[in-house]
Amino acid sequence: MKRNIYIIIPLLLSLALPGIGSIVYVSEVNNSYPFIYKWIATSTFLFFLWQVLVFSWKIKSIIRRTIYLIVGILLYVVLLTFISETIGFRENDALDVKEIVRIIFLISIFLTIQYGLNSQKKIETLKTEKEKLLKENYMAQLQSLRSQMDPHFLFNSLNTLRSMVNKNHKNSEEFILNLSNIYRSTLQHKNNNTLPLNEELSFLNSYLQLMKCRNDKAIKFSLPNSDSDYSNYSLPSFGLQSVVENFFKHNSIYSKRPLNIQITLTDNNYIQVANNIQEKLTENEGSKLGLDLLERRYKLLGYEKGVVVEKGKENFVVKLKLIPSS
């Protein structure tokens, strides 16, 4: 129904306006023509004028749009006058002041209505994109939540904690805090589209610390200086964790050949996440879902190149666009 309105409105206007005597464009008509012919001809002219003006909204450049309107309207008037005189529909050859005023008035009415329709269409588009963004964000949060709430993840984490407590490991308390921080952050920010870079790095640090404790010397990582202020930038919520989780899915982890994850900031407002390639023999089903979903979330936020992937012989690099905080 919403799409049909863009067809119904010009048809109704084209049929209704000729019935209003003071607004009819072809006013000086040959009286030998039946009334219905006059009505049909005038409605056809008005509908064509509507279409001429509709095309102007597709031109993004204001200067080009203005030039198109001027040239298009002049050609429309010339063509309309020529056709009217050729078929003997008009009695007078020249346009008088009243007819020029009527043309300008009609154009103003049509442009005003079209502006309202286009504005409504933009609002509907924004609503649709917002709904898509919320859906994509929900999927990302759900995926992250499921990952952290996965029985294997929880079981392995608790198993590691039990072992650390039995050995009176000095990092037992830190491990508990990191595990708590992961669940707290996931639940606390489940409705956020983006998170400040500081919080992203803090969450990632907790996640990597847990993975390091579980895999001992098989994981090495480095993060940007935690004392720096990164509050001016944001990332799609839990975006860094999605990238790093993808590394674990793709690569094998050995104490003799540890997985080395390096997170650095680039000069062109990207944060770079890199790892040494130690590909698994069997591909993990759905392992690329995280990056694909992350790329779609960037596009919904208005960034076409939000995720840049570079794969070399020895290293795999993912760059995430830093979003300026509003």
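No lab work stands behind these numbers, since they all come straight from the coordinates. Quick caveat, the model's predicted, so the values are computed rather than measured. Note that each Cβ is placed from the backbone with ideal geometry, even for glycine, and that neighbours are counted across all protein chains shown.
A compact table of results
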| read-out | value |
| --- | --- |
| Pair N198, A16: separation of 7 Å Cα→Cβ label points (nm) | 5.7 nm |
| Segments 257-267, 45-55 sorted - mean Cβ within 10 Å per residue, highest first | 45-55, 257-267 |
| Listed residues N192, I261, Y230: farthest to the positive end of the dipole of the stretch 189-262 (Cβ charges) | I261 |
| The stretch 172-326: C-alpha gyration tensor shape, a/c 1.5 cut-off, then a/b vs b/c | oblate |
| R0 of 45 Å, Cβ-Cβ distance K313-L134: FRET efficiency to nearest 0.05 | 0.65 |
| K217-Y115 pseudo-label distance in nm [points 7 Å out on the Cα-to-Cβ vector] | 7.3 nm |
| T125/T66 FRET efficiency (R0 30 Å; Cβ-Cβ; nearest 0.05) | 0.75 |
| Cα-Cα over 21 Å, subset of K167/K249; K220/K319; K212/K249; K127/K321 | K167/K249; K127/K321 |
